[in-house]
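The values are calculated or read from the model by the stated rules, or taken from the named source; none is laboratory data. For clarity, every value in this text was computed on a predicted model and none was experimentally measured. As a convention, Cβ positions derive from the backbone with ideal geometry for all residues, glycine included, and neighbour counts pool all protein chains shown.
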Amino acid sequence: MEIKKIAILFQSTNKVPIEFEERHLDMIRQTVPGVNVVRAYTESELLPGDLDADVLITWGQYSPVEFCTKATNLKWIHAVSAGIEGLTIPEIMSLDAVMSNTKGIHGIPMAEHTMALILASLRQLPVLLKQQQEKVWLKHKPDETQGKTVGIIGLGSIGEEVAKKCKLFGMKVVATKRTPVTCEWVDELYPDHQLDKLLCQADFVVVVVPLTPETTKLIGEKEFKLMKKTSYIINIARGKVIDEKALVKALQDGDIGGAGLDCVEDEPLPQDSPLWDMPNVIITPHTAADSPFYMDRAMNQFCESLKKFINNQDILNKINKNKGY
């Protein structure tokens, strides 16, 4: 497959604090000598000068409909994120171009973030930090990971890394996955339709599934009622996987013990959300996947796929357009 031009549409922001550096562009040029790599921060920069691009690299939450529909040579749309909500719209999904995303590089930072939330809740760190700010010296009853059960909803590459770290901390690990696999870090694996078996035994429920029509509001009032009153739910996936109104009610009614939220339905979290002031809730601004090594890993993976693409081989992480992920 001949590739003459690759367009990059991406802008670093406070919400997405990573950047394409010149060395990342050089990685592409070294993979395909002579290829023209163009860099744009907005879709308008690509119109009309770069409508002959063969490949578009972008962020999965962008929806560059005009460029994608007018770029007559476009063969491949690649997201440097795992989430592709912005690209999974009819105008783009209906195009002949293949689509792919970036997977398998988020496990280390997201698993570490998950463990930070678990340990912070067990060791009462939010309460102790508040006491420090108020100059109060008062002990609280901490807990430990040994003997606890973590339930991972969505045992993909990220879920497996979470399972590995939880297991090393002495925790029992149960998980759900659409298709059965063997994972040395998981004690019990259930199919998706047996989610209730996970919820009723987990001390920590970790949500790692992609956002699709099937997973939207996957966790709601019924699911919270199945959980232990002492259990915590941790969401490092997408906010809309959890019914936020049901979550607030479950926390207020004491149906669950607390929550660690790296994502919420509407980001940033509205100022009037009751979640801000709940002492048993830890909120982080969608930073679980952030890492100084993110773009290096993402571009290494893209360049590996690029080699396959020009040799007419299957690319990595190809999107199933029927499933939307």
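Values computed for the structure shown
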item	result
Residue check for Leu51: surrounded by 16 or more Cβ atoms within 10 Å (Cβ to Cβ), out of contact with any Asp or Glu (no Cβ under 8 Å at 6 or more places or on another chain) and part of a loop (DSSP other than H, G, I, E, B)	yes
Test set (1) surrounded by fewer than 18 Cβ atoms within 10 Å (Cβ to Cβ); (2) hydroxyl-bearing (Ser, Thr, Tyr); (3) under 20 Å from Met27 (Cβ atoms) - Ser291 fails condition number	(1)
Cβ pairs under 6 Å, 6+ apart, first in the stretch 239-251 and without any contact (Cβ under 8 Å) to a residue 60 or more places away in the chain, second of a type in the set (A, V, I, L, M) and surrounded by fewer than 19 Cβ atoms within 10 Å (Cβ to Cβ)	Leu251/Met278
The lone exception for Lys240 - which of (1) more than 17 Å from the chain's Cα centre (by Cα); (2) modelled with pLDDT of 95 or more; (3) of a type outside the set (A, V, I, L, M, F, W, C); (4) within 23 Å of Leu87 (Cβ to Cβ) it fails	(1)
Of all residues in the stretch 72-97 being more than 21 Å from the chain's Cα centre (by Cα), at pLDDT 95 or above and not aliphatic (A, V, I, L, M), the one that is nearest to Cys303 (Cα to Cα)	Trp76
Top-ranked residue in the stretch 174-185 [being part of a loop (DSSP other than H, G, I, E, B), in contact with a helix residue (DSSP H, G or I) (Cβ under 8 Å, 6 or more places away or on another chain) and under 12 Å from Gly154 (Cα atoms); ranked as modelled with the lowest pLDDT]	Arg178
Selected residue [surrounded by 12 or more Cβ atoms within 10 Å (Cβ to Cβ) and farther than 22 Å from Glu221 by Cα] from Met278, Met299	Met299
